[in-house]
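Right, one structure below, let's go through it.
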Amino acid sequence: MAKDYRQMWESIGVDLEAHDKLLNVLPPTYGQVYMSQENRPEGMEYFDFVISEVHGLRIQELQEHKAAGGKVIGAFCVFVPEEIVRAAGGICVGLCSGVEIGAAKAEKVLPRNICPLIKSFMGFKLGKVCPYFESCDMVVGETTCDGKKKAFEILNDYVPVHMMETPQMKREKDKQLWRSEVQDFLVKVEEFTGSKVTDTSLRQSIKDINGKRRALLRLSELRKNIPTPISGKDCLLIEQIAMYDDVPRFTAQLNALCDELEVRVKEGKGFAEPAAPRIIVTGTPMALPNWKIPHIIETSGAVIVAEELCTGLRYFENLVPEEAENTGQMVEDIASRYLNINCACFTPNEGRMEKLVNLAKEYKADGIIHCSLAFCDPYLVEANRVENILKENDIPMLKIETDYGQEDSGQIKTRVEAFLEMIDKK
Ligand code: BJ8
């Protein structure tokens, strides 16, 4: 980071000592995982810059927004409709929780054997490590999995949490419930920000967020080419940054990168050899800076062509219609768009199975790697169903269960290499 931001971090309540520890880990990891890649597109420079300033410039922007009377609202799930926050003049930031930090503090209030993502967000908050978390005026929680749902009750002692009841099924009555939750969220955001959501502001916000999704979809389309013009690791990074960067700036930068990638495609330039095995990763979200599995896959000779993850397609597929005339209709459109997300917290979750089979065809994938965080019941249990359906469709799959530690990296690498070898012989 070019500038010294310590004063700013201290003023928002960040524990500088704990924060230093986090910053000491990030740059070497980033250098090792990202800067070691060869032949990266020039347009990645912007995203490298964003990471180099991850706790600097963007936090400063959030603080300026707050100083001007704006609110910052944090979210842990792609079910939180960011259109509504933006329409009320707020900034919605996806809080990441992709690193083990503050575990000792988190374990004082949570069981030891809980999903690392939940432990991480609790550790971040109790340890006052994350300037994004410390910038949030409110956090939006959801009733997706049990662990998160109950953890939000505890989190509410430290930061105001607004809970949204996310249904577990997709029947008509669940859709109605979800629509009313989205409507209540709009009212809550209006009260909290003191700004009315108008037809005009909501329509514009829908267009802005759709613009971001279109750019991400454009990137995904380009990855269907053989050879794919960009690494999966770079795409995951872009998808992670999408959750907290300024919306129009991010969209413009990503579109510029896509322009460059289109030229690469025309010239037949790829990230890897055309014969490199093409892999889709699916499972639990890979929150920043969790790049462990993608790094292992792509340093084993394969290329990741899509992420069926919440830090991936689930975040940006499906747009909200832009033609609605009034806020009521827009709220309905937003609710239906979000209820299309195929999270394993739903039962049944057939949409995810169909999606995976189709993605494998569309992206000409040779195999799918199912990555689940330890103790995540919804994804770990659903992995078996995914495996059966992929088997029926003759799509090879490897199942990985892991956490944020690096101790199992060697063992996972051996399994990934064996999987790639098996695909190669098919
Ligand atoms: S829409 S995947 S972001 S809930 S990994 S905390 S499920 S025990 S993150 Fe998720 Fe929304 Fe679903 Fe996506 Fe629980 Fe599993 Fe942990 Fe999880």
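Could we say that Arg218 is surrounded by 22 or more Cβ atoms within 10 Å (Cβ to Cβ), closer than 24 Å to Lys361 by Cβ and of a type in the set (D, E, K, R) here?
It is false that Arg218 is surrounded by 22 or more Cβ atoms within 10 Å (Cβ to Cβ), closer than 24 Å to Lys361 by Cβ and of a type in the set (D, E, K, R).
Would you pick out the residues in the stretch 76-99 that are in contact with a Cys (Cβ under 6 Å, 6 or more places away or on another chain) and within 16 Å of the ligand (Cβ to nearest atom)?
Answer for the stretch 76-99, where residues must be in contact with a Cys (Cβ under 6 Å, 6 or more places away or on another chain) and within 16 Å of the ligand (Cβ to nearest atom): Val78, Glu82.
When you scan the stretch 1-60 for helices (runs of 4 or more DSSP H) that lie fully inside it, which ones turn up with 2 or more residues that are exposed (fewer than 12 other Cβ atoms within 10 Å of the Cβ) and modelled with pLDDT under 95?
Here the list reads 16-30.
Does Val381 meet the test of being more than 17 Å from the chain's Cα centre (by Cα), surrounded by 21 or more Cβ atoms within 10 Å (Cβ to Cβ) and not polar (S, T, N, Q)?
Criteria not met by Val381.
Those residues that are in contact (Cβ under 8 Å) with a residue 40 or more places away in the chain and away from the ligand (no atom under 14 Å from the Cβ), I need them from the stretch 141-153; list them, please.
none
Here is a list of conditions, (1) among the aliphatic types (A, V, I, L, M); (2) closer than 17 Å to Leu309 by Cβ; (3) touching a Lys or Arg at 6+ places or on another chain (Cβ under 9 Å); (4) more than 11 Å from the ligand (Cβ to nearest atom), and Leu359 meets all of them except one; can you say which number that is?
All conditions are met except number (3).
Can you tell me which residue is nearest to the ligand (Cβ to nearest atom) among those in the stretch 362-377 that are in a loop (DSSP other than H, G, I, E, B) and within 21 Å of Ile114 (Cβ to Cβ)?
Cys376
Of the numbered conditions (1) out of contact with any Leu (no Cβ under 8 Å at 6 or more places or on another chain); (2) touching a residue at least 40 places away in the same chain (Cβ under 8 Å); (3) not assigned by TED's automatic domain parsing to the domain that holds His370, Lys188 satisfies every one except a single condition; which is it?
(2)
Listed here are the residues, each with its yes/no results for (1) farther than 29 Å from Asp146 by Cβ; (2) buried (at least 20 other Cβ atoms within 10 Å of the Cβ); (3) not basic (Lys, Arg).
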position	(1), (2), (3)
Glu322	yes, no, yes
Val331	no, yes, yes
Leu339	no, no, yes
Leu356	no, yes, yes
Leu373	no, yes, yes
Cys376	no, yes, yes
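Are there helices (runs of 4 or more DSSP H) fully within the stretch 244-344 with at least 1 residues that are closer than 24 Å to Glu100 by Cβ, among the hydrophobic types (A, V, I, L, M, F, W, C) and more than 16 Å from the ligand (Cβ to nearest atom)? List them.
Fully inside the stretch 244-344 and qualifying: 292-298.
Kindly indicate whether Val85 is out of contact with any Asp or Glu (no Cβ under 6 Å at 6 or more places or on another chain) and touching a residue at least 60 places away in the same chain (Cβ under 8 Å).
Spelling it out, Val85 is indeed out of contact with any Asp or Glu (no Cβ under 6 Å at 6 or more places or on another chain) and touching a residue at least 60 places away in the same chain (Cβ under 8 Å).
I'd like to check something: does the stretch 233-255 contain any residue that is farther than 28 Å from Leu117 by Cβ and of a type in the set (A, V, I, L, M)?
Among the residues of the stretch 233-255, at least one is farther than 28 Å from Leu117 by Cβ and of a type in the set (A, V, I, L, M), which makes the answer yes.
Would a scan of the stretch 228-247 turn up a residue that is in contact with a helix residue (DSSP H, G or I) (Cβ under 8 Å, 6 or more places away or on another chain) and surrounded by fewer than 19 Cβ atoms within 10 Å (Cβ to Cβ)?
Yes, the stretch 228-247 contains a residue that is in contact with a helix residue (DSSP H, G or I) (Cβ under 8 Å, 6 or more places away or on another chain) and surrounded by fewer than 19 Cβ atoms within 10 Å (Cβ to Cβ).
Restricted to the stretch 128-153, and to residues that are part of a loop (DSSP other than H, G, I, E, B) and under 19 Å from the mean Cα position of the chain (by Cα), which residue is nearest to Gly102 (Cα to Cα)?
Cys130
The values are calculated or read from the model by the stated rules, or taken from the named source; none is laboratory data. The structure presented is a predicted model; accordingly, all values stated were derived computationally and were not measured. Cβ: placed from backbone, ideal geometry, glycine included. Neighbour counts: every protein chain shown.
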